[in-house]
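Input: a single structure, listed below in C-alpha cells.
The values are calculated or read from the model by the stated rules, or taken from the named source; none is laboratory data. Since we're looking at a predicted model, the values are computed, not measured. All Cβ positions, even for glycine, are placed from backbone atoms using ideal geometry, and neighbour counts span all protein chains on display.
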Amino acid sequence: MKSTLKPTEGIALVTALIFMAVLLTVLTAYLTMSTTEARTSKASSNSVEGFYAAEGGLNLRAEQVRARFKGYRRPEGVSPSSAGGAVPCTPGNMGSGDMACITYVIGGRNVTTYTQALNGGVPSIGVVEPGDTYTGMNYQQYEYAVKSVATNASGEREANLEMKFQSRLVPLFQFAAFYNKDLEMHPGPGMTLGGRVHTNADLYMNAGETLDVTGKTTAVGDIYRSGKDGRGCAGTVRFSTITMPCYAGGGSGIKLPSSELTRFNGNVLSGQNLLTVPPMSSLAPDPTGDNDSELWSQADVRVVAKKVGVGFLFTVVKADGTLDVTPTAALNACTPLNPPVSLSTDFWDAREAKSLTMIEVNQVSMMDCIQNTGAFTNANGNVLKADDVSGGGMAWHFSFDDGNSNTNALVATAATITNYGVKIRNAARLGPTSTAVNLTGLTITTNQQLYTQGDYNTITKKPAGLVADAISILSNNVTTNIPKAAPSKGPDASETTVNAAFLSGIDDTTASGGYNGGLQNYPRFHENWGKVLVKYRGSFVSLGNSIHVKGKQSSSRYNPPLRDWNFDTDFNDANKLPPLTPRFVYLRQLLFARNW
C-alpha cells in the first residue's frame with residue numbers, strides 16, 4: 001500500500017524523537033549530577049563534622065596533660081607503639097597511664113586519641129622569649145604530641161589529626177605578688193612594691209599616702225583606681241614612676257578604660273589569659289594521693305600532732321599516712337630541754353579573737369635532730385641531711401589529726417574554721433647549729449595558720465618558702481606569746497626582717513565594708529608597730545580563700561608598720577628558688593596538622 005505521509009511529516013517525527021532523546025539525556029545527566037553533588041556535599045559535611053570531632057579529642061587530651069601539671073605532677077605511662085608497622089590503639093597495643101588510648105564519643109563519632117612524650121620525656125630549661133607577656137621568667141618545659149582519629153558509625157575514618165604542644169611550668173615565686181582572686185592594694189603609710197604583679201581576677205589600686213609598683217602588672221579581669229570595699233580614688237599610685245591618676249568620671253566600682261592604661265607603655269595590662277595554678281587544698285595532708293599534693297607527697301618530713309585522749313602526740317608519718325616509727329622516736333627523744341617541736345595552748349590571736357593550740361617549731365633544734373640522728377629520710381628514701389639537694393632542699397609539712405574531718409577539709413565551709421596554728425622560731429639562720437653544714441634550702445608547709453617569730457632567714461640567706469592557710473609576722477620583741485590582756489593595739493613591736501617566699505590564703509572583701517586588708521596586710525600583724533620597720537624580701541602568692549581562718553580585718557588589733565617590701569631578685573635564678581615552689585601552667589601549640 002502506498003504511504004499517505006508527506007515527507008515533511010516524517011522529518012518532524014524524527015526530529016521530535018531526537019529532541020526527546022536529547023532531553024532525556026540532559027535530564028539523566030542532571031539527575032546524576034544532582035545525586036553526585038548531594039553525595040559530595042554529604043561527604044564534605046561528614047568530613048567537616050569528623051574534623052571538628054577529632055579536634056575536640058585533641059583538646060580533651062591536651063587539657064588532661066595540663067591538669068596533671070596543675071596538680072604538681074606530669075603525665076606518666078607508655079604510649080601505644082607504631083614501630084615496625086604496629087597500629088596504635090588496637091588490641092594489645094593500647095598504651096598505659098596518661099598516654100594510653102582513650103575513645104570519646106563526640107558528635108556521634110568515635111574519636112580515638114593517645115598522647116606521646118617527645119624528647120624522651122626530658123624537660124628543657126629556658127627563659128620566656130621577648131614579646132611574650134611573661135618575658136624574662138624562667139620555665140621548665142615538656143613537649144607532647146596528641147593523635148586523634150574520628151570514625152563514623154560505619155567505621156569509616158573521617159579525620160586524622162595531630163597536635164604538638166609544649167607544657168610550660170613557670171614558678172610562681174618569680175612574681176612579687178600573684179593572686180588567684182581579686183588583688184587589692186591600699187596601704188596607709190607609703191609603700192613600694194618591686195617586681196611583677198599578676199591577678200587571675202580584678203586589680204584594685206589605692207593608697208593612703210603613696211603606692212609605687214615597679215614591675216610589669218597584669219590582670220585577667222579589670223583594673224580599678226578605687227577600693228573594692230566602696231572607697232573612692234585616694235592617694236598617689238605610680239607604676240615605674242608614671243602616675244595612675246583619679247581619672248575624670250572615675251570612682252568606686254568604675255573600671256579604668258583601656259585608654260587610661262596606654263600611658264604605661266604596655267607595663268600595665270588588663271584582660272590577660274587566665275593562668276592555671278594549684279588549689280588551696282594542695283596544702284592539706286594527702287595520704288590517699290587523690291589530691292595530687294606534691295607539698296605533702298614530696299615533703300621530706302611530715303609531722304602530725306595526733307590527738308590522744310585530751311592531749312596530742314607528735315608523730316612522723318609516711319606519704320601514705322602510716323606511722324614512720326624510727327623518725328617518730330627520734331623526734332620525741334631529741335634535746336628534751338629544747339625540743340624540736342612542742343605544744344602550747346595560750347597563744348592569743350587578736351584578729352581571730354581566740355586562743356590557739358600551737359605546734360611550736362624550734363627551727364635549729366629540728367635541724368639538729370634531723371642532721372645528727374640519721375633517722376629521717378628524704379622523698380627518695382635516702383638519709384636526710386641539711387645539705388640535701390633533692391627537690392631543691394628540705395621540705396617540712398606540719399598538720400593536726402584530731403579525728404574531725406573538718407580539720408583537714410579541702411573546701412572551706414563554716415565548719416572548717418579551726419583553732420590550730422604552727423609557729424616557727426629560732427630561724428634567723430636556717431640550718432643546724434653547726435655552721436659547717438650548708439643548708440640547700442627550706443620550705444615549711446601547713447594547712448593551718450603559720451607564724452614567724454623574730455627575724456627569719458637573715459643570716460647567710462637561703463632559698464626559703466613559707467606555705468600556710470594564713471601567715472602572721474611576730475616581731476623580735478615577742479619572746480613567748482601575745483597575751484589576751486595586751487593593750488588595745490597589742491604590745492610594742494621592734495624592727496624585724498623576713499626573707500622568704502609566702503604562699504597563703506586570703507579573705508574576701510565585701511561591698512558593705514568588710515575589707516580583707518589588701519596586699520599590705522597579706523602577712524597579718526598583732527602588735528603596735530607604729531613607725532617600726534618590717535623589712536621583707538620574697539614573693540606574695542595567694543591561691544584563693546583561706547580554708548581554716550576567717551577572721552575579719554576590721555577586728556584586728558594592731559598598728560601598721562613601715563613596710564620596706566620588695567621582690568627577692570634571687571628568685572629570678574631557677575637554682576635559688578625554694579624547694580617545691582608552686583607553678584602556673586600554660587600550653588604553647590607548636591603544630592596542628594591533618595594527616596591523610
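Within the stretch 124-144, being under 22 Å from ARG61 (Cβ atoms) and surrounded by fewer than 17 Cβ atoms within 10 Å (Cβ to Cβ) holds for SER124, GLN141.
Applying the condition of being farther than 20 Å from THR446 by Cβ and in contact (Cβ under 8 Å) with a residue 40 or more places away in the chain to the stretch 327-349 and asking which residue is surrounded by the most Cβ atoms within 10 Å (Cβ to Cβ) yields ALA330. Which condition number in (1) closer than 30 Å to PRO75 by Cβ; (2) buried (at least 23 other Cβ atoms within 10 Å of the Cβ) is the one that GLU184 fails? For GLU184, the failing item is (1). Once the stretch 264-283 is narrowed to residues that are part of a loop (DSSP other than H, G, I, E, B) and touching a residue at least 60 places away in the same chain (Cβ under 8 Å), the residue that is surrounded by the fewest Cβ atoms within 10 Å (Cβ to Cβ) is ASN273. Of the residues SER475, SER539, SER504, the single one that is touching a helix residue (DSSP H, G or I) at 6+ places or on another chain (Cβ under 6 Å) and crowded, with 21+ Cβ neighbours inside 10 Å is SER539.
Within the stretch 349-381, the set of residues being at pLDDT below 90 and within 14 Å of GLN453 (Cβ to Cβ) comprises just one member, ASP349. Of the candidates SER148, SER167, the single residue that is within 23 Å of the chain's Cα centre (by Cα), part of a strand (DSSP E or B), surrounded by 21 or more Cβ atoms within 10 Å (Cβ to Cβ) and touching a residue at least 60 places away in the same chain (Cβ under 8 Å) is SER167. So, in the stretch 301-319, how many residues would count as being of a type in the set (Gly, Ala, Ser) and under 28 Å from the mean Cα position of the chain (by Cα)? Number of matching residues: 2. All conditions but one from (1) assigned by the TED database to the domain that holds ALA145; (2) at pLDDT 65 or above; (3) not in a loop (DSSP other than H, G, I, E, B) apply to PRO75; the one that does not is (3). Looking at the structure I just gave you, is LEU450 in a loop (DSSP other than H, G, I, E, B), out of contact with any Phe, Trp or Tyr (no Cβ under 6 Å at 6 or more places or on another chain) and either at pLDDT 95 or above or basic (Lys, Arg) (or both)? Spelling it out, it is not the case that LEU450 is in a loop (DSSP other than H, G, I, E, B), out of contact with any Phe, Trp or Tyr (no Cβ under 6 Å at 6 or more places or on another chain) and either at pLDDT 95 or above or basic (Lys, Arg) (or both).
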